[in-house]
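None of the figures in this text is laboratory data; all of them are computed from the coordinates on show. Values in this document were obtained by computation on a predicted structure and should not be read as measured data. Using ideal geometry, Cβ is built from the backbone for each residue, glycine included, and neighbour counts are taken over all protein chains shown.
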Protein chains: 2
Amino acid sequence: MVKEPSPPPTAAPPTAEPGDDTESKILDAAHAVFMRSGTAGARMQEIADEAGVNKALLHYYFRSKERLAAAVFDRVARGLFARVGQLAMSEVELEEKVRLIIAAYLDQFARTPYAPGYLICEMNQHPDRAGQLLTALGGSTTVSRGPAMPFLAGLAQQIEQRVAAGRMRPIEPRQFLANLVSLCVFPFAARPMLCAVFRMDDGGFREFIEERKTSLPSFFLNALRP
Amino acid sequence: MVKEPSPPPTAAPPTAEPGDDTESKILDAAHAVFMRSGTAGARMQEIADEAGVNKALLHYYFRSKERLAAAVFDRVARGLFARVGQLAMSEVELEEKVRLIIAAYLDQFARTPYAPGYLICEMNQHPDRAGQLLTALGGSTTVSRGPAMPFLAGLAQQIEQRVAAGRMRPIEPRQFLANLVSLCVFPFAARPMLCAVFRMDDGGFREFIEERKTSLPSFFLNALRP
DNA sequence: GTCTATACGCAGATAGAC
DNA sequence: GTCTATCTGCGTATAGAC
């Protein structure tokens with residue numbers, strides 16, 4: 001019971017912590033530590049401390065640091081793409097879909113604000129993670145199973161219809177999606193930079209995001225008016 | 001002369017390399033290595049190899065790894081914000097300014113595509129970097145000297161005028177800037193993710209960015225039509 | 001200024017008792 | 001399954017010759 005409440009480091013990990021089994025406690029701790037320190041910067045001892053278990057146990061449950069890091073990466077990636085992937089593939093009308101995706105993203109990141117930065121860092125420094133991302137996503141019921149990307153095709157179709165109906169300017173589907181995701185994710189990934197440049201503290205950032213929840217949908221949908 | 005042309009790792013560092021003095025060679029090498037491996041993941045030996053000098057020399061010129069990392073961070077930060085900061089503060093008309101900023105960003109990143117990811121990682125994992133960013137920027141002739149942010153104030157004024165003239169929808173200046181930067185920077189920061197999800201190789205990504213150069217200005221300006 | 005050789009600590013991983 | 005103790009290699013940093 002050495003485990004302290006731990007200075008709220010990377011917001012709440014997905015799974016519960018109280019009387020959970022050791023493996024979960026380790027994974028949750030690793031989740032938090034890897035997110036704030038990066039894989040290379042994190043120390044196994046740090047994870048053990050945060051989990052309130054012995055360092056040797058990390059190796060008992062997860063062979064090596066690299067395997068533990070991979071497990072955490074998978075969990076974070078799935079957590080990020082799950083809802084949004086489902087929303088993107090759903091049959092909802094396009095404008096409403098955009099609103100739902102923005103709301104889902106901003107809402108989720110308000111709870112796990114460090115996930116975007118973690119994923120970006122991890123994939124930039126560890127090239128294999130790109131492939132791992134796809135298998136992680138392909139294995140679950142989310143985005144891309146198989147070689148093509150069904151949700152992109154579906155999106156393209158929706159866009160095409162709307163353009164044909166004269167209700168939207170033409171836009172390449174990948175650019176559509178890249179714009180949408182950029183606007184949602186970047187402020188979280190670049191949070192320290194934004195906070196520095198805009199002179200915001202944690203509260204200021206929260207307000208900034210709150211305002212964004214209302215301004216972003218109209219901004220994005222406006223950009224696509226014919 | 002152990003120095004190989006080195007497999008184009010992080011695109012060309014700012015300064016030249018050929019017969020330069022040792023300190024510059026080290027800084028350039030550190031620039032490249034820190035960018036692709038991150039500060040924590042990088043090894044001093046790796047930097048020495050890339051610079052074609054002895055490992056001990058790194059400590060001769062830059063005391064410690066941390067100091068070397070700080071020097072690189074400063075250089076990258078200044079390089080990224082210099083042009084854009086100047087553009088943002090210039091007296092150019094707002095629409096034209098937006099076009100110039102987008103062009104400058106996409107053009108610059110086409111040459112140093114890993115800079116955004118590096119900066120984001122560095123600032124997420126190394127909290128002190130936020131302050132360092134501001135001093136680095138404040139020292140140069142770019143963005144924020146003093147406590148306030150002149151370029152934000154100037155931007156706010158331009159927006160206000162345009163809104164008053166009925167030529168633009170109202171938008172909070174910080175949201176304006178956040179949107180602009182997000183759309184420009186994120187695709188580079190999240191490049192491995194985009195390439196994986198969109199099934200793009202390096203060439204495909206280049207094309208994607210090329211298309212973005214034309215589609216992004218109209219997208220952004222369109223979003224602000226009244 | 002540049003090199004070789006080396007000191008020193010730390011972090012990942014294992015052995016083995018309980 | 002969980003712990004203590006320990007091994008091992010690696011990475012930063014320094015000492016000191018040239």
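Here is how the numbers come out for the structure above:
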read-out	value
Fewest-first sequence of A:LYS25, A:LYS55 by Cβ atoms within 10 Å of each Cβ	A:LYS55, A:LYS25
Cβ-placed point charges (K, R +1; D, E -1), dipole of the stretch B:80-223 about Cα centre in debye, nearest 20	120 debye
Exposure proxy order (Cβ contacts within 10 Å, fewest to most) of B:HIS31, A:HIS59	A:HIS59, B:HIS31
For B:PHE188, B:PHE205, A:PHE186, order by how many other beta-carbon atoms lie within 10 Å, fewest first	B:PHE205, B:PHE188, A:PHE186
Nearest 10 degrees, 0 to 90: helix A:129-139 Cα axis against chain A principal axis	80 degrees
Using a 7 Å Cα-to-Cβ projection, A:GLY131 label spacings across copies, nm, ascending	4.3
Cysteines, chain A, no other Cys beta-carbon under 4.7 Å	A:CYS184, A:CYS195
Length-normalised contact order of chain B in % [C-alpha pairs under 8 Å, at least 6 apart]	20 percent
From phi via Karplus (6.51, -1.76, 1.60), per-residue ³J(HN,Hα) for the stretch B:178-192 in Hz, x at Gly/Pro	4, 4, 4, 5, 3, 5, 7, 8, 3, x, 7, 4, 9, 3, x
Distances in nm from A:GLU95 to the matching label points in the other copies, shortest first (labels 7 Å along Cα to Cβ)	2.5
Nm distances between copies for A:PRO226, ranked from closest, using label points 7 Å along Cα→Cβ	2.3
Separation in nanometres of the label points that stand 7 Å from Cα toward Cβ, at B:LYS213 and A:VAL163	2.1 nm
Proximal charge balance of B:SER218 [Cβ under 10 Å; K/R count +1, D/E count -1]	+2
Efficiency of FRET from Cβ geometry, A:ALA153 and B:GLU91, R₀ 60 Å, rounded to 0.05	0.85
